[in-house]
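In what follows, a single structure is set out as structure tokens and then discussed.
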Amino acid sequence: MTELKNTERELHYFRMRLLFIGVFVFLCFTALISRFVWLQIIKHNDYALLADENRIDIVPVVPNRGLILDRNGIILARNYSAYTLEITPSKIRMDLDVLIDQLAVLVDIQPKHRKRFRKLLEDSKSFESLPIRTRLTDEEVARFTAQRFRYPGVDIQARLFRQYPQGDSASHVIGYIGRISPKDAEIIDEMEDAANYNGTDYIGKEGLEKSYEKILHGNTGFEEVEVSAGGRAVRVLSRSAPTSGKNLILSVDIELQKIIEEAFGERRGALVAIEPETGDVLAFVSKPTYDPNLFVEGIDQQSWNELNTSEDKPLLNRPLTGAYPPGSTYKPFMALAALQLGKRTTTQAIADPGYFTFGNHTFKDDKPGGHGMVDMYRSIVQSCDTYYYMLANDLTVDVMHDFMAPFGFGQKTGIDLEHERTGLLPSTAWKRAAFKKPEQKRWVLGDTISLGIGQGQNTFTPLQMAHAVATLANNGVVMKPHLVKMTEDPQSRQRTLTVPKESYRIPLKQENIDFIKNAMVGVTKEGTSAKVFMNAEYVSGGKTGTAQVVGIKKGETYNAKRITARHVDHSLYIAFAPADKPKIALAIIVENGGFGSEAAAPIVRKALDYYLLGKRPQDKDSKEHVPVPKSQSDMALYRSDAEIKTPAEPDPGPKPGGETSGNKD
């Protein structure tokens, strides 16, 4: 039996399906249109920005670092461009060691390069590009470029490198730059201008490179670069040019610096020379030196071990952080204090028996039998210890402290280098603060006596001593010592002085200053450095000194031939010249150099001959010595000073029947 179809029902089902499909299609189109409106209208700006960011990179443009030049325009630190092979760890697609092995076929990669790269990798983030080889040759660049497509995450960058063309000369002044370490990065992140270091890989680590970092660095620019899907730069869309760092024009005369360094030879020590009228540091010598070029790309382990473990401590900035007793170079300042405070007159004389007794303690002069009748002039020229034992006892420790402090003794000078040491100018207040036990806090009067000849707790840096001499030469007008004379804008060439005016003035009577200067001239004419400055074409003032490295036991006599080389006395000298209008003042210490007239003064003579006359040493032998006198009668011309090493705990005072040796000039 044939079943008849229900046409109405079939039509109803068809219409329902058609309606469902129509509604579905409508909803789909509504969703599409809604999404289109959302993406193209409502969120247009947001997604347009994302699209631009996906195709545009903001690349920081690191500025040229400022140059460093000496006072005569000789370049001490400069930049040069070179190619670097760099690896971005997050982008490489093979084992790192395998990658480096393959790169070594194209580019010379030594084990030291691998070690340095590993060290950088430990201290960096995976998305940073790190150099595996710097300063590529043109041939190496060409070989790698031809094979670059094989090594994702490896590229060649053109970068600026720092170079110090004078090598190890003035290295403690200039310092060096190095790659930014994690510790450096933390410091930068806390800086207000942290964004200015985007893209920067290097920062000043020591010396002027560090203390003038912000001025030398400049301002970072940027480029908007269109990149392909593979991350390759296509074109530069816009550019904000960086501003180069300012140049530093130093007060240092690099030729004078070199002559002094050569005069030291292999000996250790320090010399600081200052122009009294301006505070310009003309020479800042610390021996031995080091080559700052070793540090720019990361020093190798062998070189670091040699520098860091050397007994000579080449990394030690001796003028800035070395603290030494001044010995008899302190005596002119003691004499000036006596005149200013009315404790002595220029003609007042004492009878020197060769010792000074305080209680049960005897302080010996170096000359047995003494110097006879000694006035202030002879006390400086012949360096009479007894005169200054008595004077120190009359002045007292606090009076000496208050008079000496304005000259910069035991005070930071404020020079434009970091980590300057304070030194020690003792006082009763210092002793109370420095020690815990009541018996140690008390100042013993016997401690005062040795201070008069630059012994006891007196310890000053060579920089402080030079600053004091410069202030004396400048008639009490204090100029802040500085290594950077001015900064220079590299575009406009506009220069700005760093120290435009005096700091303050010490109220001194001119007749007193003139007397002390004249007595120091006497030292070079008839005193302890007369033979060194014989036939000089200028008149200079000076004072020798010797600082004892080890103490001498009671009853013993100092004999340089019987002690080890590193226990020989330090040799000191202070000077200014020309005497009538000083253009240079300086202080020097030669560690374990012996008498001041034997080691220190000849170096000073060479420095003054060059700076005042333009004369270079004919004899390059830095070990030139003035003959040491053999007879006791000659000792008056060769008086030098000895300094008993300051003990870890203060001396509780003179012991009954004790003796103290005087300075050996």
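The values are calculated or read from the model by the stated rules, or taken from the named source; none is laboratory data. Values in this document were obtained by computation on a predicted structure and should not be read as measured data. With ideal geometry, Cβ positions are generated from the backbone for all residues, glycine too; neighbour counts draw on all protein chains shown. Surface accessibility is based on the protein's heavy atoms, side chains included, excluding ligands, DNA and RNA. Shrake-Rupley method; radii C 1.70, N 1.55, O 1.52, S 1.80 Å.
Would you check if K441 is in contact with a strand residue (DSSP E or B) (Cβ under 6 Å, 6 or more places away or on another chain) and open to solvent by 20 Å² or more (accessible area, probe 1.4 Å)?
When the stated conditions are applied, K441 does not pass them.
Considering only residues that are touching a residue at least 40 places away in the same chain (Cβ under 8 Å) and open to solvent by 30 Å² or more (accessible area, probe 1.4 Å), which ones fall in segment 371-402?
Within segment 371-402, Y377, Q382, M390, N393, D394, T396, V399 qualify.
Residue by residue through segment 81-93, note down the ones that are over 16 Å from K119 (Cα atoms) and either modelled with pLDDT under 85 or basic (K, R) (or both).
Answer for segment 81-93, where residues must be over 16 Å from K119 (Cα atoms) and either modelled with pLDDT under 85 or basic (K, R) (or both): S90, K91, I92, R93.
Restricting the search to segment 529-584, which residues are part of a strand (DSSP E or B), modelled with pLDDT of 95 or more and either among the small types (G, A, S) or surrounded by fewer than 15 Cβ atoms within 10 Å (Cβ to Cβ) (or both)?
G541, G542, A575, A577
Of the residues that sit in segment 403-422 and are closer than 22 Å to F363 by Cβ and in a helix (DSSP H, G or I), which one is least open to solvent (accessible area, probe 1.4 Å)?
Across segment 403-422, the extreme among qualifying residues is M404.
Show me the helices (runs of 4 or more DSSP H) found entirely inside segment 281-342 where at least 2 residues are open to solvent by 40 Å² or more (accessible area, probe 1.4 Å).
The qualifying helices (runs of 4 or more DSSP H) are 301-309.
Checking G218 against (1) on the phi < 0 side of the Ramachandran plot; (2) touching a Pro at 6+ places or on another chain (Cβ under 6 Å): exactly one of these is not met. Which one?
(1)
What's the total number of residues in segment 197-211 that are open to solvent by 30 Å² or more (accessible area, probe 1.4 Å) and either free of Cβ contacts under 8 Å to residues at least 40 places away in the same chain or not in a helix (DSSP H, G or I) (or both)?
Residues flagged as open to solvent by 30 Å² or more (accessible area, probe 1.4 Å) and either free of Cβ contacts under 8 Å to residues at least 40 places away in the same chain or not in a helix (DSSP H, G or I) (or both) within segment 197-211 amount to 6.
Examine segment 13-22 for a residue that is at pLDDT 80 or above, surrounded by 10 or more Cβ atoms within 10 Å (Cβ to Cβ), within 30 Å of V225 (Cα to Cα) and not charged (D, E, K, R), and state whether such a residue exists.
No - not one qualifying residue is present in segment 13-22.
For segment 155-171, indicate whether the set of residues that are modelled with pLDDT under 90 and within 27 Å of E255 (Cα to Cα) is non-empty.
Among the residues of segment 155-171, at least one is modelled with pLDDT under 90 and within 27 Å of E255 (Cα to Cα), which makes the answer yes.
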